[in-house]
1. Rounded to the nearest percent, how much of the accessible area of the chain (1.4 Å probe, protein heavy atoms only) is carbon and sulfur?
2. Just report the Cα centroid separation between the stretch 197-240 and the stretch 1-75, whole Å.
3. Peptides 84-92, 218-226: what's the order by average Cβ count within 10 Å, highest mean first?
4. List the lysines whose alpha-carbon lies under 30 Å from that of residue 83, not counting same-chain residues fewer than 8 positions away?
5. Could you work out how far helix 13-22 tilts from the main Cα principal axis of the chain, as a 0 to 90 degree angle to the nearest 10?
6. Find the Rg to Rh ratio for the stretch 195-291, where Rh is the Kirkwood radius over alpha-carbon pairs and Rg uses the same atoms.
7. Can you give the angle from 0 to 90° between the axis of helix 85-94 and the longest principal axis of the chain, with both taken from C-alpha atoms, to the nearest 10?
8. Take the Cα pairs of the stretch 86-144, get the Kirkwood Rh, then feed it into Stokes-Einstein at 37 °C and 0.692 mPa s and tell me D in µm²/s.
Amino acid sequence: CPRSSDIVNLTSPSQVKAWCIGNGFHPNKTLGQNFLIDRNILDATIGAAGVCAGQKVLEIGPGLGVLTEALLSRGASVTAVEKDARLASRLADSLGQPPGLRVLEADALELDSDELLSQGFDMCVSNLPYSAGTRILLELALHPRAPQTFVVLAQTEVAERFAAPPGIKGRGQAGVWLQLDYEVTLVRAVKASCFWPQPAVGSTLVRLDRRPGPLGPDARQWFFELTRYAFMHRRKQLGAALRKAPEPLGRGDAALAALFAAAGVDLSARAEQLTNAQWQALARAWSDAER
């Protein structure tokens, strides 16, 4: 079978558009089908990943296969998860049926994460769909068998939330959760013109590097419960919010004061103001109180 590069230059807007028109394929906006067509950004993505021969790579939403082809060319084996049946059915043939490629026609959010990640991926490299990118990344990154490295293209506003430090408006649950286990780095901005069809907003290339988990299982569970509830009520001071939380999260005034004092956190702080270290201290305080 011919390789896709012999038929379509996947970084050429005119050739990609011509292929889609010629094959009656209309990119699905609902699925976030905006195909990367810029060679420089493709090279930057592969460079940020630092992929090496023999590594196992997970790719979510391969689309026409521009990232897939680049990953395979560097000797990686790729498991590509594609929701669109039309694209999934053509991907392997268009790339010449490479032995290192496995294509799964599936919605990444409906797959069994335990089974998928049991393959032991070294990294995930993906142009994430705008509509479900955050949910997909959290589902994978927070799994015990998550890859050590993620390199993803995400909507700029979303990417900035992933890396947001304490005290700014963009600080939210997703960023706090990712920063528990990962060093989050914004690699570079990507213009909307680097995709076809061109989205209404820009993107950012993000790299996540896993680090040793700072919390034991019990405190880790409290971390997620506390942050989930706090960011649901982010306009409230933490003491006021948690006073009204359901048991076992909520406590009386005296108990809350003792827990916050043990963690060294001000009851009047709001969710976005806390560092991850402070959230971890609160999680440990709640965990210790249950013993």
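The values are calculated or read from the model by the stated rules, or taken from the named source; none is laboratory data. The shown structure was predicted, so the numbers you read here are calculated from the model rather than taken from an experiment. Here Cβ is always computed from backbone atoms with ideal geometry, including for glycine, and neighbour counts include all displayed protein chains. Note: accessible area is taken over every heavy atom of the protein model, side chains too, but ligands, DNA and RNA are not part of it. Shrake-Rupley method; radii C 1.70, N 1.55, O 1.52, S 1.80 Å.
1. Answer for the chain: carbon and sulfur cover 50 percent of the accessible area.
2. About 30 Å separates the Cα centre of the stretch 197-240 from the one of the stretch 1-75.
3. 218-226, 84-92
4. 17, 29, 56, 191
5. On a 0 to 90 degree scale, this one is about 70.
6. Checking Rg against Rh, the ratio lands at 1.12.
7. Helix 85-94 and the main axis of the chain meet at about 60 degrees.
8. 251 µm²/s
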